[in-house]
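**Student:** Following this message is one structure expressed as structure tokens.
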Amino acid sequence: MSAPVALLPDAGPLITLAYADALDLLLKPGWPLVVVDMVLHEVTRHETPTSKKLALWVKANPISIRTTRTFQHYQKTLATAAAPARKSNLGELAIQETMNDFALDQPQRTGVFLFEDHKIARAGFLVPDNCRKISTRAFLIFLEQKGLLVSATEIERRALQAGRSFSRLRFPPE
């Protein structure tokens, strides 16, 4: 029997799939979907073309919101500091924290980190042995290969037509 899998999407894939009206694809593999609190905050804190859609979708679906020290620190800094708290890369830090927790507390669980940012594809992003990182495009191709999606290219096309600058990143490389 294989280890239980949890899908951990970063902000980019959530936004891309929201543009394509395809957020439900995250549920297709049947894996628990875990959205870290900092990522949820990133995609809903400002009004954007997808922020309301994402907030409503999260509330309407069986999604676990993972509390992180990263988001707690961010909130504390906002509440106590005169200068704005650091905002860049906090979602990635919160996901890294979650993957580290998986490695330490749940080594039998596999975390699949779904990303769309070229910076994350670099080797500097630590991925514990029981975690994997995969691009949005590779995830869509996986769903297509498993028969859970008719066309990965169609989802990409819909996101582009709706105004999303979809990453051309191919990870893992072909």
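**Student:** Is it the case, given these coordinates, that Arg132 is surrounded by 15 or more Cβ atoms within 10 Å (Cβ to Cβ) and either touching a Pro at 6+ places or on another chain (Cβ under 9 Å) or of a type outside the set (A, V, I, L, M) (or both)?
**Tutor:** The answer is yes for Arg132.
**Student:** List the number of the failed condition for Ile134; all other conditions in (1) in contact with a Leu (Cβ under 8 Å, 6 or more places away or on another chain); (2) modelled with pLDDT of 90 or more; (3) not in a loop (DSSP other than H, G, I, E, B) hold.
**Tutor:** Result: Ile134 passes all but (2).
**Student:** Here is a follow-up. Inspect all residues belonging to region 35-44 and state whether any of them is at pLDDT 95 or above and more than 19 Å from Phe113 (Cα to Cα).
**Tutor:** Yes - at least one qualifying residue is present in region 35-44.
**Student:** What tally of residues in region 5-51 results from selecting those that are out of contact with any helix residue (DSSP H, G or I) (no Cβ under 6 Å at 6 or more places or on another chain), over 20 Å from Ala152 (Cβ atoms), of a type in the set (Val, Ile, Thr) and in contact (Cβ under 8 Å) with a residue 60 or more places away in the chain?
**Tutor:** Total satisfying the criteria: 1.
**Student:** Since Ile95 meets every condition but one in (1) modelled with pLDDT under 90; (2) part of a loop (DSSP other than H, G, I, E, B); (3) of a type outside the set (Lys, Arg), which condition does it not meet?
**Tutor:** Every listed condition holds for Ile95 apart from (2).
**Student:** Taking the residues in region 34-65 that are basic (Lys, Arg) and surrounded by fewer than 17 Cβ atoms within 10 Å (Cβ to Cβ) as candidates, determine which candidate is nearest to Glu97 (Cα to Cα).
**Tutor:** If we take residues in region 34-65 being basic (Lys, Arg) and surrounded by fewer than 17 Cβ atoms within 10 Å (Cβ to Cβ), then Arg45 is nearest to Glu97 (Cα to Cα).
**Student:** For region 37-81, name all the residues that are within 24 Å of Ala6 (Cα to Cα), of a type outside the set (Val, Ile, Thr) and outside any helix (DSSP H, G or I).
**Tutor:** Asn61, Pro62, Ser64, Arg66
**Student:** Check whether at least one residue in region 106-116 is in a helix (DSSP H, G or I) and modelled with pLDDT of 85 or more, and report yes or no.
**Tutor:** Looking for residues that are in a helix (DSSP H, G or I) and modelled with pLDDT of 85 or more, one finds none in region 106-116, hence no.
**Student:** Could you pull out the residue among Lys28, Lys76 that is within 24 Å of Leu148 (Cβ to Cβ) and either touching a Cys at 6+ places or on another chain (Cβ under 7 Å) or surrounded by fewer than 21 Cβ atoms within 10 Å (Cβ to Cβ) (or both)?
**Tutor:** Step by step, each of Lys28, Lys76 is checked, and only Lys28 is within 24 Å of Leu148 (Cβ to Cβ) and either touching a Cys at 6+ places or on another chain (Cβ under 7 Å) or surrounded by fewer than 21 Cβ atoms within 10 Å (Cβ to Cβ) (or both).
**Student:** Within region 1-25, take every residue that is surrounded by fewer than 16 Cβ atoms within 10 Å (Cβ to Cβ) and in a loop (DSSP other than H, G, I, E, B) and give me the one that is farthest from the chain's Cα centre (by Cα).
**Tutor:** Met1
The values are calculated or read from the model by the stated rules, or taken from the named source; none is laboratory data. Given the structure is predicted, the values throughout are model-derived calculations rather than measurements. Using ideal geometry, Cβ is built from the backbone for each residue, glycine included, and neighbour counts are taken over all protein chains shown.
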